[in-house]
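What follows is a single structure, written as structure tokens, with notes after it.
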Amino acid sequence: MTFQTATLPVREPLAEARPLDALSEAFVHLGELANVNTNQILIVAGCLDAALLERSVRQAVAKVPLLRARPLAGRPGIEADAFSAELPLVRHFEHAGVCDFGDAAFRRLLMDFSFDNRLDWRGRSPVQLLLITAADRSSSCVYLNTHHGVADARSDSLLFRLIIDHYAYLSGAASAPPPIERLPYAMLTEIRPDWYRPLERTLRWLRGFRSVVADLLQRDIGLRVPLRGPRWEDGAKQTGIGELDFFHSLLPEALSDRLTTVARGTGVTVNTLLCAALARHLERASGRSQGVLRITCAISLRRLIDRRYDLSFRNYLVPSKIRIRLGQSGRELIRSVHQAIGTARSDRQLSTELGRLESLLLALRRRPLHGIARAMLNVCQGTNACYSNPGRIEEDFSSFGSDRHPTLQFVGFGCLVPPYDFILYTPTVNGRMQLDLVYRRAAFRAIQQEFVGPLLAALQQLLDEIEAT
């Protein structure tokens with residue numbers, strides 16, 4: 001196995017230190033309890049040059065201030081330009097087989113790398129890359145990890161594209177360097193200063209506390225899986241509880257077109273139909289016709305509150321719950337999901353969810369209270385099911401910078417922290433809708449048969465029902 005490393009750029013001036021908000025700080029502390037690495041993985045034809053990739057990463061990181069900052073000890077803030085020393089960022093080795101997401105052993109190689117190399121933002125730069133090249137030079141895999149406290153899916157896409165653009169320029173495939181000068185970091189106090197006025201903050205905490213109390217009284221339904229007990233690695237009875245796997249597929253174009261047509265005809269988004277299909281699958285798996293199921297949806301603040309922050313690098317995702325009553329017809333279900341997602345995206349609900357995170361920080365900041373924090377997450381999230389739709393990925397991932405390296409496969413997903421057993425993703429990448437999934441290995445024996453197949457069947461039947469009425 002041959003390893004090569006990339007180093008961080010020479011020290012440069014950086015903007016003054018800023019406080020961390022709850023969306024970032026929560027993952028600083030969760031990183032002590034679980035793996036919070038995010039994941040973007042690209043397989044391309046041909047053999048990439050490891051030395052050029054090293055230089056590309058260095059130049060890209062130089063344009064992202066948050067990747068060189070470090071959380072302050074003892075208070076919620078970041079120290080500017082803390083990781084400017086020479087530290088390894090890229091690992092490279094040759095793989096005897098081909099790079100293919102359909103190969104379970106290859107997926108395990110990727111997931112084991114993340115499992116064994118968890119990013120601790122306090123102690124090192126919150127980014128790392130793994131380059132795998134096939135021994136026969138037919139394919140290469142670039143695996144990007146960032147700490148979820150610094151990046152969401154959009155941030156990862158911007159960074160990955162920046163690395164590709166630098167690689168294209170350095171390899172001679174592009175005649176000009178990337179146009180992006182900098183990917184800045186914006187605080188929530190800058191984006192929504194009204195949320196941090198004393199009265200509003202107090203009301204948010206009260207709403208968050210009331211929401212937590214309500215969760216303690218509710219017993220909502222998630223996905224039934226053959227796994228019992230806590231999902232936290234510390235003290236878990238199930239061996240390998242923290243080991244993950246992922247599934248990647250392209251939706252058939254006919255199904256994608258049909259989704260678009262039905263969405264337009266019913267006045268909802270494709271996202272609503274996909275979430276409704278997930279709800280139907282969870283309902284059938286529960287074997288119940290009465291009750292309430294719950295799904296956590298990842299809601300991005302990036303464009304929801306101000307599009308000016310679209311080209312910035314940070315984590316904008318807020319986990320927001322939707323609750324759906326069981327036993328509804330197809331149209332009733334779609335209407336309920338549409339209304340629930342609208343509520344989840346509302347200012348009031350997002351503010352409440354932020355209040356919940358801020359209250360959770362009271363326990364996460366103190367290690368003796370981590371047991372309480374884990375118990376709060378187990379009960380208050382109220383489900384093991386999560387859905388995230390990054391939408392249309394605007395960045396071009398059709399190649400790694402030149403026609404010599406066309407893309408063979410691409411997948412991106414976040415971190416899977418307890419109590420979740422899976423996160424479903426339905427992005428559109430390079431014009432094709434994907435169905436991707438990251439999941440806990442201990443919760444599924446055969447993901448295609450136990451989850452993907454039934455989900456697609458529920459989607460098809462839901463569309464049939466809507467078209468028939």
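Computed from the coordinates by the stated procedures, all read-outs in this text should not be read as laboratory data. Only a predicted model underlies this, so the values are computations on that prediction, with no experimental measurement involved. Ideal geometry is used to build each Cβ from the backbone, glycine not excepted, and the neighbour counts take in all protein chains shown.
Taking label points 7 Å from Cα along the Cα-to-Cβ direction, Ala214 and Leu250 give a separation of 4.3 nm. Screening the chain for whole DSSP H helices of 18 Å or more along their axis (Cα) with average Kyte-Doolittle hydropathy at least -1.0 returns 153-171, 198-217, 253-266, 270-286, 330-344, 347-364, 453-468. Near the amide H of Val90, within less than 5 Å, lie the amide hydrogens of Ala6, Leu129, all on another chain or at least 5 residues away, with H placed in the peptide plane. When each of the peptides 422-432, 260-270 is scored by how many other beta carbons lie within 10 Å of its residues on average, the order from highest to lowest is 422-432, 260-270. Taking the average, over residues, of other Cβ atoms within 10 Å as the packing measure, peptides 201-214, 450-463, 59-72 rank 59-72, 450-463, 201-214 from highest down. Scanning residues 5 or more positions from Ile299 or on other chains, those with amide H under 5 Å from its amide H are Val318, Ser320, with H placed 1.01 Å from N in the peptide plane.
Mean residue ellipticity at 222 nm, helices only, the chain: -11500 deg cm²/dmol; runs of at least 4 DSSP H residues each add -39,500 (n - 2.57), and the sum is divided by the number of residues. For Leu217, the shell of other residues with beta-carbons less than 15 Å away shows a net charge of +3, using +1 for Lys and Arg and -1 for Asp and Glu.
Mind sorting out which of (1) 37.2, 149; (2) 34.9, 94; (3) 21.8, 64 is the real Rg and Dmax of the Cα atoms in Å computed from the coordinates? Step by step, Rg and Dmax of the Cα atoms in Å for this structure corresponds to label (3).
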